[in-house]
Amino acid sequence: MDKHRRTGHDARIVITGIGPVTPLGIGKEEFGRRVFAGESAIGEINSFDTSAFRSHLGAEIAGFQPRDYISVKNIRRMDRISQLTAAASRLALEDAGLEIDSNNRDRVGILLGTSFGATDVTVQFAETLLRDGPAFVNPILVPNTVMNAPAGHASIELGFRGVNTTVTHFAVSAETAIAYAVSEIRRGAADFMLTGGVDILSKFYYEALTRLSALSPLDGKSESCRPFDQNRNGTVAGEGCGMICIESWESARARGRKPYCEIKGSGQGSSPCPPIGWPDNAAGVQRTIGRALNNAAVAAQDIQAISAAANGGVILDRIEARAYAGVFGGNGSPLITSLKGAIGESFSGGGMRACALALALEKGALPPTVGLVQPAEPLAFVRLRQEQASISNALLAGISAGGTYAYLVFGSCNKEDCGN
């Protein structure tokens, strides 16, 4: 084993590459510029007809050209969600300066989170099967209906052969995947992991969210995504893929790579409630934050920033805000921002938010919460414009209907503690 490579529970895991393929741009330059400028990607949906729905807005990826990232021979076998995953994974590898070759391909893996998978392909498969019978189903559709197809396609396209796992954990799929990817390196199963989340907009997905009464405008007023706002009235559907490349600090140092930040720890938890319902208090979220802080050996008063899960949902945003008031109330609120006001709710958007938080720690600034005009709670929300801040530690929040939670603790990487 390389003398710089240390595994075990004490291994420090850092982010050395990010790969955003998002409604706010493709690649870290465009994505970062638009995120910190406070731009919104939410607009009228163009990819399918929404005339039968109460809602009409969404955050769609524009300008994505698969051939810019994927070989021609593999494109025809991939559905859209797999193309996004392969492209984001390639961007993350390139940003990390990591080339896959015969020396490392078996030590590079992927751990992907997806909440719904290829809903477009699954619907096409099911409609043909039920309407015309099995003999008329396009066989190329079948393998793409399974949830682990995107991760599999990414590994084939990029040529790595290590750990290959997909996590489906509703709205905390990406956060859970990242936590498990960290553990894969710490237990010695991989040297490098690509991890994050992906989900796509489709008519089926949009109708499901409509039937679940999730989409704005729930009150019949103006349609928008307003995290933590007094006038929030539901979320707006989004899509995208965000992948990060992680490795041990010793590995990054040996390769001469300066990390964006460190992933110090994580915590998971739950509360008893219906599968698509919400608990009546914030106790479960508070317990999960405590577990993450304990796992990371970071005190509550040492958290300076939070990338929130708030998406404009009436109950979600209230529970999350109350959890922060309970955990941090006596120590002063950290700065809080939610990216979902700009990119909507894709349920596996934790990967895109991880990319944004990594950039925030590197930049020393937090992007604004788009759509937040009148805060519903007296917390330190970042509004209107980006806010410069000295961030040593930050939380990446994952909160899902059904009472499922996953939090990650990110830490800054400077020359003194985990730089080069």
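The values are calculated or read from the model by the stated rules, or taken from the named source; none is laboratory data. From a predicted model like this one, the values you see are computed outputs, not experimental measurements. Here the Cβ positions follow ideal geometry from the backbone for every residue, glycine too, while neighbour counts run over all protein chains shown. Ligands, DNA and RNA are stripped out before the accessible areas are found, and what is left, the full protein with its side chains, is counted by its heavy atoms. Shrake-Rupley method; radii C 1.70, N 1.55, O 1.52, S 1.80 Å.
Computed over neighbours whose Cβ is under 12 Å from that of Thr50, the net charge equals -3, Lys and Arg +1, Asp and Glu -1.
Each principal axis of the Cα atoms in the range 220-340 has its own extent, and those three values, largest first, are 57, 33, 30 angstrom. With both labels modelled 7 Å from their Cα along Cα-to-Cβ, the Cys273 to Ile156 distance reads 4.0 nm. Here the range 260-397 is assigned +1 on the Cβ of each Lys and Arg and -1 on the Cβ of each Asp and Glu. Its dipole about the Cα centre then comes out at about 40 debye. Summary: within the chain, the longest segment free of GluC sites (Glu not before Pro) located in DSSP loops with at most 12 other C-beta atoms within 10 Å is 100-415. In this simple spin-label approximation, Asn74 and Arg255 carry label points 7 Å from Cα along the Cα→Cβ vector, and these lie 1.7 nm apart.
Averaging Cα coordinates gives a centre for the range 272-338 and one for the range 140-165; these two points are 34 Å apart. Modelled spin labels at Thr210 and Asn104, positioned 7 Å past Cα toward Cβ, are 4.7 nm from each other. Largest mean-square fluctuation among Thr22, Thr114, Thr128, in a Gaussian network model of the chain whose springs join Cα atoms under 10 Å apart, belongs to Thr128.
Each part reduced to its alpha carbon centroid, the range 345-369 and the range 175-253 end up 11 Å apart. The slack in the chain from Ser47 to Glu377, taken as 0.36 nm per residue of separation less the alpha-carbon distance, amounts to 115.2 nm. With springs connecting C-alpha atoms under 10 Å apart, model the chain as a Gaussian network and identify which of Ser392, Ser338, Ser307 has the largest mean-square fluctuation. Per the Cα network of the chain with a 10 Å cutoff, Ser392 tops the list.
The Cα-based radius of gyration and maximum Cα-Cα distance (Dmax) for the range 164-233 are 17.4, 53 Å.
Would you work out what percent of the accessible area of the chain, with all protein chains in place, is carbon or sulfur (probe 1.4 Å)?
Summing carbon and sulfur atoms, their accessible area is 49 percent of the total for the chain.
Normalised Debye scattering of the range 278-419 at q = 0.15, 0.18 Å⁻¹ gives log10 I(q)/I(0) of -0.69, -1.03, counting only Cα atoms as equal scatterers and leaving out solvent. When the Cα atoms of the chain are aligned to their principal axes, the ranges along those axes come out at 62, 55, 39 Å in descending order. Available extension along the chain between His9 and Ala300 is 102.6 nm, counting 0.36 nm per residue and deducting the alpha carbon span.
By the gyration tensor of its Cα atoms, with a ≥ b ≥ c the square roots of the eigenvalues, what is the shape of the range 233-272: rounded for a/c under 1.5, prolate for a/b over b/c, or oblate?
On the way: a/c = 4.13, a/b = 1.81, b/c = 2.28.
Oblate.
Give the accessible surface of the chain per residue, rounded to a whole number of Å², with probe radius 1.4 Å and ligands, DNA and RNA excluded. Write out the running numbers ahead of the final one.
Working: 16300 Å² over 420 residues.
Normalised by residue count, the accessible surface of the chain is 39 Å².
The trypsin sites (Lys or Arg not before Pro) of the range 219-280 meeting both criteria, a DSSP state outside H, G, I, E and B (loop) and at most 10 other C-beta atoms within 10 angstrom of the site's C-beta, are Lys221.
Expressed in nm², what is the orientationally averaged projection area of the convex hull enclosing the Cα positions of the range 1-156?
Value for the range 1-156: 13.5 nm².
For Gly197, the amide hydrogen comes within under 5 Å of the amide hydrogens of Gly113, Gly242, Gly351, Met352, counting only partners 5 or more places away or on other chains and with H modelled in the peptide plane. Cross-link pairs exceeding 28 Å between alpha carbons, from the set Lys203/Lys264; Lys264/Lys363; Lys203/Lys363: Lys203/Lys264; Lys203/Lys363. Between Ala135, Ala126, Ala86, the Gaussian network model of the chain with springs among Cα atoms under 10 angstrom shows the greatest mean-square fluctuation at Ala135.
Seen through its C-alpha gyration tensor, with square-root eigenvalues sorted a ≥ b ≥ c, the range 160-278 comes out prolate because a/c lies at 1.5 or above while a/b is bigger than b/c.
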